[in-house]
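What follows draws every value from the coordinates through simple rules; no lab data is involved. Remember, predicted model here, so these are calculated numbers, not experimental data. As a convention, Cβ positions derive from the backbone with ideal geometry for all residues, glycine included, and neighbour counts pool all protein chains shown.
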Amino acid sequence: MSSLTLSGQPAPAASDPATPPPRTVGSRHVGRWVAAAVVVVLVLWALRSVALNPAFGWPTVAQYLGTGAVLRGLATTLWLTAATTVLGFALGIGLAAMRLSANPVLSSVSWAYVWLFRSTPLLVQLLFWYNIGALYPRLSLGIPFGPSFGSTDSVHLIGPTLAALLGLVLHEAAYAAEIVRGGILGVDAGQAEAATALGMTRARVLRRIVLPQAMRSIVPATGNMVIGTLKGTSIVSVIAVTDVLYAVQTIYNRTYEIIPLLLVATVWYVILTSLLSVGQYYVERYYARGAERSLPPTPWQRLRARVAGGAA
Amino acid sequence: MSDALLQVRGLTKAFAGTTVLDGVDLDVEAGSVTVLVGPSGSGKSTLLRCLNHLETPDAGTITVDGELIGYRRDGERLRELAQRRIAAQRRAIGMVFQQFQLFGHMTALANVVEAPVGVLGVARSEAESRGRALLARVGLAGREDAYPRQLSGGQQQRVAIARALAMDPQLMLFDEPTSALDPALVGEVLEVLRDLARGGTTMVVVTHERAFAREVADTVVVLEHGRIARSGPPSEVLDQLSERRAPSLD
């Protein structure tokens, strides 16, 4: 402890070793305790009602949670989510690169794509792809304005599943492009300049220098996006793709146990989104390298620190 | 025609109608140190950035070791080279920026090794041992695994110098390398520049550090309104400057 007098000299022995300085104690926070008590009572009341209301049909939920039909639907939901995310972002990175290019044709086309696919509901787009046969009865592979190498009926090529995938990917790409573009714009232009000055080509600058740093802002937005996509795939049930929602609908159309079976889908969605959130945390931590002086702790490290701190 | 390593002839550049460089001629001999001074807005940085084609000039030529930078002759005109060719030319020209611009997601050593491995195709182990030696040369032995954010400004700038040196450039460009530093950290960066000058590195330095220019420069070039107002040995040029209008320099 030190204190200064006006002349800049230390104060004369203000602290007598015999009488220690007064210790500080925190405020009592009465309001905080009252608010917490009220909220705890409300939550307990809600939980009790959910647990004891027989209409929720928890035994039925448990009975169907692991059945083959539900798990097969879940597999469809999962691969649709994965494929949509991977393909959507691949296309989105391309669109973002086009949008940021100096070529006015490329950047306008990219802009128009994003504008169009963000301006229409996903459901409408899916219905379009589902009915592609009415629009283009035959699809052919060939050179634009040139010869064709072969053709087939659209309905053979684009069944409900492919229609769903197409719709989801093209829609996802528009949003992914904006996420990636935002991330790239967030990186100091001087970084690209420094890399250019070292003799790197534009593609290399993007891949090695700009994108890895853009990931800091791309990852959280992508995490949101993947979780949104996982839940968004439930929309494919309207075009008869057997995802987890369509699977439980098929069952409750037979058994009329609507609420319990919707809960089956709900439980799976909650489990999957929770896993994704945990994954997102670790991916974010990975891309925080160099951006913070030390890496943020993992939840386990934080828990351990708290327990240790509480014990001390 | 002289046999200077860097030759600039009639370099002209305008931004949105404002002339920034107006017919600049400049020769830099191999192994010499040229310091560019002049009031802000006089075109020093633009001149420097034209030298490795970060800015595209409107007219004029730049040659390094006899090779035309950024262009090929096409009759009366200069036609810009393909991006890949320009990238290859930049490998021989190192640049150090005012704001350091270390790659934030890479350690100091990874910053130094990135271009030799990725651009020149040097084996990683070889590039790393060279990178360690370069970091040691700029006084950063032991900080190889630090990320830029964990380093002081002066340390970051020294890593940036090592990163540029790792490409074995024929010519080093410094764009106000100490302007973004705390006064206390300027000295350690200038010490590295002095060391490079003694070692015979060809350097073009934009700086406001008058004492450094006096001590290290072989030639001081004064730019005013996009033209070379004076150039010569520091003793002549800087003394003249201080008599005439020293305050406008900084």
Here, A:LEU71 and B:ASP195, labelled 7 Å along Cα→Cβ, have an inter-label distance in nm of 6.5
Two-decimal Rg to Rh for segment A:106-223 - Kirkwood Rh, Cα set
1.12
How big is the convex hull of the Cα atoms of the protein assembly as shown, per residue, in Å³?
293
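What do you get for Rg/Rh of segment B:79-154 when both radii come from the Cα atoms and Rh is the Kirkwood radius?
Reported Rg/Rh (Cα atoms, Kirkwood Rh): 1.02.
Per residue Cα convex hull volume for segment A:22-79, in cubic angstrom?
Details: hull volume 10.4 nm³, N = 58.
Convex hull volume per residue, Cα atoms: 180 Å³.
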Along Cα→Cβ, 7 Å out, is where each label goes; now give me the distance between the ones at A:ALA134 and A:SER27 in nm to one decimal.
6.5
If I model a spin label as a point 7 Å beyond the Cα along the Cα-Cβ vector, how far apart are those points for B:SER235 and A:TYR282 in nm?
6.9
The rounded separation in angstrom of the Cα centers of segment A:191-241 and segment A:268-282 is 19
For an R0 of 60 angstrom, estimate the FRET efficiency from the Cβ-Cβ distance between A:TRP45 and A:LEU106 and round to the nearest 0.05.
0.55
Coarse-grained scattering of segment A:60-165 at q = 0.10, 0.16, 0.19, 0.22 Å⁻¹, given as base-10 log I(q)/I(0) from a Debye sum over alpha-carbon atoms:
-0.47, -1.03, -1.21, -1.24
Distance histogram for segment B:157-240 (every C-alpha pair counted, 10 angstrom bins, percent rounded to whole numbers):
16, 49, 31, 5
Could you state the number of Å between the C-alpha centres of segment A:122-136 and segment B:1-80?
58
Within chain A, longest stretch clear of exposed chymotrypsin sites (Phe, Trp or Tyr not before Pro) (DSSP loop, no more than 15 other Cβ within 10 Å):
A:1-144
On the principal axes of its Cα set, how long, how wide and how thick is chain B? Give whole Å, largest value first.
47, 46, 34
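To the nearest 20 Debye, how big is the dipole of segment A:184-312 about its Cα centre, given +1 on the beta carbon of each Lys and Arg and -1 on that of each Asp and Glu?
460
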Summing -39500 (n - 2.57) over every DSSP H run of at least 4 residues in the protein assembly as shown and dividing by its residue count gives a helix-only mean residue ellipticity at 222 nm, to the nearest 500 deg cm²/dmol, of -17000 deg cm²/dmol
About the Cα centre of segment B:40-92, what is the dipole size in debye to 20, counting +1 per Lys and Arg Cβ and -1 per Asp and Glu Cβ, all else neutral?
200
Rounded to the angstrom and largest first, Cα extents along the principal axes for chain A equal 99, 69, 29
Contour excess over end-to-end distance, with Cα ends at A:SER274 and A:THR120 and 0.36 nm allotted per residue
52.5 nm
Could you list which residues have their amide H under 5 Å from that of B:ALA229, counting only those 5 or more apart in sequence or on another chain, with H placed in the peptide plane?
B:VAL222, B:LEU223, B:GLU224
Under the rule of at least 5 residues apart or a separate chain, name every residue whose amide H is placed under 5 Å from the amide H of B:VAL96.
B:LEU173, B:PHE174, B:ASP175
Dimensions in Å of segment A:137-286 - Rg and Dmax from alpha carbons
21.7, 69
Amide H within-cut-off set for B:TYR71, under 5 Å, with H built and near neighbours excluded
B:LEU81
Please get the size of the charge dipole for the protein assembly as shown, origin at its Cα centre, with Cβ charges of +1 on Lys and Arg and -1 on Asp and Glu, quoted in debye to the nearest 20.
1880
Where in segment B:12-52 does the label zone of B:ASP3 land, with the point 7 angstrom along Cα→C-beta and an amide N cut-off under 18 Å?
B:27-32
Kindly provide the pair-distance distribution of segment B:50-180 built from C-alpha pairs, with 5 Å bins from 0 and whole-percent values in order of increasing distance.
2, 11, 19, 20, 17, 13, 9, 6, 3, 1, 0
Once the mean of 1/r over all distinct C-alpha pairs in segment B:64-104 is inverted, the Kirkwood radius in Å reads 12.2
At R0 = 35 Å, FRET efficiency that the Cβ-Cβ distance of A:SER151 and A:SER234 yields, to 0.05:
0.55
